[in-house]
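The values are calculated or read from the model by the stated rules, or taken from the named source; none is laboratory data. Computed from a predicted structure; not experimentally measured. Glycine gets a Cβ as well: all are built from the backbone with ideal geometry, and neighbour counts include every protein chain shown.
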Amino acid sequence: MKLSAIDDYSTYLYHQGTNDSSYRLFGAHFTAYRRKACVRFAVWAPHAQAVSVVGDFNEWDETADPMTRSDKGNGIWTCYISGLSEGDNYKYAITTASGDVILKSDPYAFWSEVRPDTASKLTKLHYTWKDKKWMASRKDYDSYAQPMLTYEVHLGSWRRRENGDMLTYRELADQLVDYVKDMHYTHIELMPLCEYPFDGSWGYQGTGYFSVTSRYGRPEDFMYFVDHCHQNGIGVIVDWVPGHFCRDAHGLRYFDGEPCYESGNPILAENKEWDTMNFDYGRTEVQSFLISSALFFLKEFHVDGLRIDAVANMLYLDYGHSDGQWQPNKYGGRENLEAIDFIRRLNKAVFAEVPQALMIAEESSAWPLVTKPIEVGGLGFNYKWNMGWMNDMLRYMSMDPLFRKDHQNLITFSLCYAFSENFVLPLSHDEVVHGKRSLLDKMPGDYWKKFAGLRAFYGYWMSHPGKKLLFMGGDFGQFIEWKYDDSLDWHLLDYDMHRKLHDYVRELNGFYASHCEFWQEDFDWSGFSWISCDDRDNSVIAFFRKGIHKEDLTIVVCNFTPVVRHDYRFGVPQPGTYVEVLNSDDSRFGGSGVVNEGKFTAEDISMHGMDQSLSLTLPPLAAIYIELDSAAEAHRTVSAAMSGTVQKRRAPARGKSRTGKASPKKRARKKQS
């Protein structure tokens, strides 16, 4: 890694909030000084009277290795120490304005001790990458017109050794990547990896924004994990938390005895709901710190995207505050104007350096234009989690089917706004903790109905517009809530219904990956059309997804009751012979075996505003997919070719789909400019 000189230009950019590679300036770097091998230490502590480096190498003596101010009083301290080795532990001993001495971990450290120890560790951060082909393809990758099926993972609890120990990054690279390929996922999303002290925070209360957690190994081991993913055609997304940080004494809070990374105003600084501290986005040094962290993961660790946690907490001054306990902005509103500016600058900086990065907002409110370009007033993300769809559908699927007819709007409402943003449909970890029950256990009814309901829900979810995300365990029917301190219940695959659900999800995932109509036109009405959305009495919906070619079309019919619907007629958009290509009630998936076998010729009977229609049997609590026979035959050939593998990543021209049609984001920019 190339270092930045601690000169007027680099420090000026840092203090202006525009040094987007400040990790080259700060932290501990092996280098040479005055022709002597050494480690250069640099830290920002503007209120400190004195700073020194302490560690194993000087017996933690705060007088042994003092630092000097290096930027004309603006708070950057440096020193050079020789004779140090990789793996040495260190901290900064900071003398505060009041004369107290506090020990702090390095905010820019690349490696940390394994908790509960809290020192930073020296590393050269060296790794020889082998993902050149993947990184080259990333330059022109158009995610909008490609499949994006993400497997969300907490590395410490996906699978454990027999003695209960967590797997390492390298062990996970071998085991997890093989699993993801077998299940036809396109991406892995990892819950936060920035170093954090408390396992129970799941990583969402961090201390080390440049240090991947040492729970699973060294930073080079994580590089190996990402490299292995890329060599196997799997993208990597990492949860990143720029909204708040933990209060632990060795971390960022009161870093030099005074607020540095948080606001000096306790109302703005404290997040009492989560017992954390909010970043001060108006402080330029914090802007340099956070944006550098984002780019560090994207460039140095080669990750393909960041899922930004708790964006609503950043955007709203009253988030988590009761009435009278928050401070309005200068216009009297509740919008955090400094956070808005920071988010836009973050996305602008990321896309300037890594144009095809995935910047995904977990934003739970109705804030407008989250995924629209900054130049038209948007926040500049390219994806947003669709929390509204998730809440509506989990509420609908959790209720007794007897009452679903009175809540048909919970299914259909999402299409009123489905194309207002570039959405990801998340079934995430947040929905299977804190008494919410697992996805399988949310389904009402007896044992069989729970599995049938979940299969039907997955069939609907996979065919709904938007990219997809599923939390680990959901694909084989984890029955209990997720536990961060234990392995998933993999033994459930020894039971027939769980194994068959797993087979269903694998086949459903493969169907999605091989059918372009499910993702080619994800963000526009041109890729979706209702057939019937108002049959509330039967709790049935029908629609079709379509690609850019006429033959790329799949009809989806969902029956959300346990009643078999015989001779159910629905319109079809094209004449011809149709076949049922996937049925969640198939006995090989654990269903009752009510399937539509053979071929069906569309009849000249008008229905649902269409000239032709079909009459089929709708199985109970099930989703069925129907295609023209000619297209189904072609897809069977593709599916056979990709059996046991994930579909090859395509690399269309920049900003173009396979046909040369502008991607949705490009089209949006053109329309709004």
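Annotations
- Pick from region 371-398, criterion part of a helix (DSSP H, G or I) and polar (S, T, N, Q), ranking: nearest to ASP524 (Cα to Cα): ASN391
- Leading residue by the ranking (farthest from TRP202 (Cα to Cα)) among those in region 82-127 that are among the basic types (Lys, Arg) and crowded, with 20+ Cβ neighbours inside 10 Å: LYS91
- Of the residues making up region 63-73, none is within 36 Å of the chain's Cα centre (by Cα) and not small (Gly, Ala, Ser).
- Exclusive hit being of a type outside the set (S, T, N, Q) and not assigned by TED's automatic domain parsing to the domain that holds ILE360, set ASP489, ASP535: ASP535
- Every pair of residues 6+ apart whose Cβ atoms lie under 9 Å, when the first sits in region 311-329 and is farther than 26 Å from ASN382 by Cα while the second is of a type in the set (Val, Ile, Thr): HIS321/ILE267; GLN325/ILE267; TRP326/ILE267; GLN327/ILE267
- Of the strands (runs of 3 or more DSSP E) lying entirely inside region 59-161, the ones with 3 or more residues being of a type in the set (Val, Ile, Thr) are found at 76-81.
- Within region 67-81, considering residues that are among the hydroxyl-bearing types (Ser, Thr, Tyr) and surrounded by 14 or more Cβ atoms within 10 Å (Cβ to Cβ), the one nearest to CYS194 (Cα to Cα): THR78
- Where helices (runs of 4 or more DSSP H) fall entirely within region 237-354, those with at least 3 residues that are buried (at least 22 other Cβ atoms within 10 Å of the Cβ) and in contact with a strand residue (DSSP E or B) (Cβ under 9 Å, 6 or more places away or on another chain) are at 284-295, 311-315, 337-353.
- Selected residue (only one of LEU149, LEU103, LEU122 is in contact (Cβ under 8 Å) with a residue 40 or more places away in the chain and under 24 Å from the mean Cα position of the chain (by Cα)): LEU149
- Among residues of region 533-566 being touching a strand residue (DSSP E or B) at 6+ places or on another chain (Cβ under 8 Å) and among the acidic types (Asp, Glu), the one that is nearest to TRP448 (Cα to Cα) is ASP535.
- Residues of region 75-91 that turn out to be in contact with a helix residue (DSSP H, G or I) (Cβ under 9 Å, 6 or more places away or on another chain) and among the hydrophobic types (A, V, I, L, M, F, W, C), as a count: 3
- Among residues of region 2-57 being assigned to a loop (DSSP other than H, G, I, E, B) and modelled with pLDDT under 95, the one that is farthest from ASP280 (Cα to Cα) is ARG35.
- Looking only at region 168-189, residues that are more than 14 Å from the chain's Cα centre (by Cα), in a loop (DSSP other than H, G, I, E, B) and closer than 20 Å to GLN478 by Cα come to 2 in all.
- TYR216 falls short of the stated requirement of being buried (at least 24 other Cβ atoms within 10 Å of the Cβ) and either farther than 20 Å from MET359 by Cα or not acidic (Asp, Glu) (or both).
- Only residues that are in a helix (DSSP H, G or I) and in contact with a Pro (Cβ under 8 Å, 6 or more places away or on another chain) were counted across region 416-456, and they come to 4.
- From the list LYS139, LYS124, the one residue that fits, being closer than 21 Å to SER21 by Cα, out of contact with any Pro (no Cβ under 9 Å at 6 or more places or on another chain) and basic (Lys, Arg), is LYS124.
- Residue match in region 624-631 (condition: in contact (Cβ under 8 Å) with a residue 24 or more places away in the chain and in a loop (DSSP other than H, G, I, E, B)): no
- A count restricted to region 572-614 and to residues that are in a strand (DSSP E or B) and touching a helix residue (DSSP H, G or I) at 6+ places or on another chain (Cβ under 7 Å) stands at 6.
Yes or no, residue by residue, for (1) assigned by TED's automatic domain parsing to the domain that holds LEU315; (2) closer than 24 Å to HIS302 by Cβ; (3) modelled with pLDDT under 95:
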position: THR168; (1), (2), (3): yes, yes, no
position: VAL180; (1), (2), (3): yes, yes, no
position: TYR196; (1), (2), (3): yes, yes, no
position: ASP199; (1), (2), (3): yes, no, no
position: SER211; (1), (2), (3): yes, yes, no
position: VAL236; (1), (2), (3): yes, yes, no
position: ASP275; (1), (2), (3): no, no, yes
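- Selection over region 369-397 of residues that are loosely packed, with under 15 Cβ neighbours inside 10 Å and touching a residue at least 40 places away in the same chain (Cβ under 8 Å) gives a count of 2.
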